[in-house]
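Since every read-out is calculated from the coordinates, none of them should be taken as a lab result. Since this is a predicted model, take the numbers as computed values, not measurements. FYI the Cβ positions are ideal-geometry reconstructions off the backbone, even for glycines, and counts take in every protein chain you see.
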Amino acid sequence: MLAIEYLPGFVAVFVLGGGRPSADDMLQDVAASDATLYGRVDPVHHLKAWLDDLTAPYRRFVPTILRVGMGVAFVYLGLVEKLGSSDRALQVVAKYDLTAVVPVDPGMWVLGAGLMEVVVGLALVAGLLTRASAATAFLLFTVTLFGLPDDPVLAHVTLFGMASAIFTLGAGPFSLDERLERSTDARATPAPGDD
């Protein structure tokens, strides 16, 4: 469960395919032509074209898949790894002497870290202030990465990538950000006859 973010990451990669520009895209163009030798010997390009056609209607949901997947991972980490396993989290606070960084009770460290992860996760799931939430997540990973000297970098690689993608892509469909934007646009657009 600690690597739950891999599932939405793999789903997003499957839906997006090779993307553009990429070697996959260029080879697909070459293979799609019957006039090329490569087009006659490549057995995969028909399958790739079929998969691209199959997943095309779902590409607009990639930001939603990434956002919700990362949000669920954050909520899980906050609830289960911090708040639900507070003795392990307290050991981390003691091991790295985190109370010297921010002089509060170790329990407050664990409570604060757990609540921060849950709040960021819920904001991502809801799609509220999505880019700010993704930037906050990226900052949390960076602080953890550089603040804890023996923290495994590989454990955060997918999360860094997902936070970057979410920051770039935005909330996507089925988000509060999208609803708020539509509501703002509707108020800003004058009704016919209103001049």
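Points to keep in mind about this one:
- Were the residues from LEU79 through ARG179 laid out at 0.36 nm apart, the gain over their Cα-Cα distance would be 33.2 nm.
- Share of pairwise Cα-Cα distances greater than 18 Å in the range 6-60 is 36 percent (whole percent).
- In summary, the chain shows an alpha-carbon radius of gyration equal to 1.35 times the 2.2 N^0.38 Å reference for compact globular proteins.
- For the pair LEU115 and VAL157, a Förster radius of 22 Å applied to the C-beta separation gives a FRET efficiency near 0.30, rounded to the nearest 0.05.
- Estimated D of the range 66-114 in µm² per second, where Rh is the Kirkwood radius over Cα pairs and Stokes-Einstein applies at 20 °C, 1.002 mPa s: 191
- Between the beta carbons of THR36 and SER86, assuming R0 = 45 Å, the FRET efficiency works out to 0.15 to the nearest 0.05.
- Residue-averaged [θ]222 nm for the chain, counting only DSSP H segments that reach four residues, each worth -39500 (n - 2.57): -21000 deg cm²/dmol
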